[in-house]
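In what follows, a structure is listed as structure tokens, so that the remarks can point back to it.
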Amino acid sequence: MSDCIFCKIIAGEIPAKKIYEDDEMLAFHDVRPQAPVHFLVIPKKHIKSIMDIESDDTALAGRLLSKAQELAKEQGCGEKGARFVINAKDHGGQTVDHLHIHVLGGRFLNWPPG
Ligand code: AMP
């Protein structure tokens, strides 16, 4: 999608602090971190939100989740844990319409988020 900021990161048109990349996904640090560890895991395929995942995407979704877990451990969250968040559409607080998993850690995170 030409007007999608995350597609532009994938295309290398705008910079990001990448922590992982392969043929189907990318992980990079959030530009406005809300915790000492805060990165995003995104598919390279432009899927607007978790509400738009189709049956063909379910294996990819599983691999995104698995990579988020692996990277969370690599970033030092294995012992104390982390929060894995997927905001969806308006009520979910989604601001970038390209599916992404937030991984936040490195401090205690309150619940509920408010
Ligand atoms: P959400 O509100 O769930 O859609 O989250 C979007 C996230 O993308 C926010 O936490 C933003 O700080 C982050 N973000 C927006 N633009 C960039 C960017 N260029 N590089 C890294 N993270 C970004």
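The values are calculated or read from the model by the stated rules, or taken from the named source; none is laboratory data. Since we're looking at a predicted model, the values are computed, not measured. Positions of Cβ are generated from backbone atoms using ideal geometry, with glycine treated the same way; all protein chains shown enter the neighbour counts. Only protein heavy atoms, including side chains, enter the accessible area calculation; ligands, DNA and RNA are left aside. Shrake-Rupley method; radii C 1.70, N 1.55, O 1.52, S 1.80 Å.
No other residue among L60, L64 is within 16 Å of the ligand (Cβ to nearest atom), under 18 Å from A27 (Cα atoms) and either open to solvent by 30 Å² or more (accessible area, probe 1.4 Å) or touching an Asp or Glu at 6+ places or on another chain (Cβ under 9 Å) (or both) apart from L64. Within the stretch 23-38, residues that are more than 14 Å from C77 (Cβ to Cβ) and among the hydrophobic types (A, V, I, L, M, F, W, C) sit with their Cβ atoms under 6 Å from residues that are assigned to a strand (DSSP E or B) and more than 13 Å from the ligand (Cβ to nearest atom), at 6+ positions apart or across chains, in these pairs: M25/P43.
Yes/no per residue for (1) aromatic (F, W, Y); (2) under 15 Å from the mean Cα position of the chain (by Cα); (3) farther than 17 Å from A35 by Cα:
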position	(1), (2), (3)
I53	no, yes, yes
D56	no, no, yes
R63	no, yes, yes
G76	no, no, no
E79	no, no, no
F84	yes, yes, no
H91	no, no, yes
L99	no, yes, yes
H102	no, yes, no
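The one condition from (1) under 21 Å from K17 (Cα atoms); (2) open to solvent by less than 40 Å² (accessible area, probe 1.4 Å) that G81 does not meet is (1).
The residues in the stretch 59-85 that are out of contact with any Gly (no Cβ under 8 Å at 6 or more places or on another chain) and either under 16 Å from K45 (Cβ atoms) or assigned to a helix (DSSP H, G or I) (or both) can be counted, and the count is 15. Of everything in the stretch 1-22, what is more than 13 Å from V96 (Cα to Cα) and either free of Cβ contacts under 8 Å to residues at least 40 places away in the same chain or among the charged types (D, E, K, R) (or both)? Give them in sequence order. Residues satisfying the conditions are S2, I10, A11, G12, E13, I14, P15, A16, K17, K18, E21, D22.
Candidates in the stretch 91-105 are the residues that are within 8 Å of the ligand (Cβ to nearest atom) and under 18 Å from A72 (Cα atoms); of these, the one that is surrounded by the most Cβ atoms within 10 Å (Cβ to Cβ) is H100.
Within the stretch 7-30, is even one residue basic (K, R) and within 21 Å of W111 (Cβ to Cβ)? The answer is no, given that none of the residues of the stretch 7-30 is basic (K, R) and within 21 Å of W111 (Cβ to Cβ).
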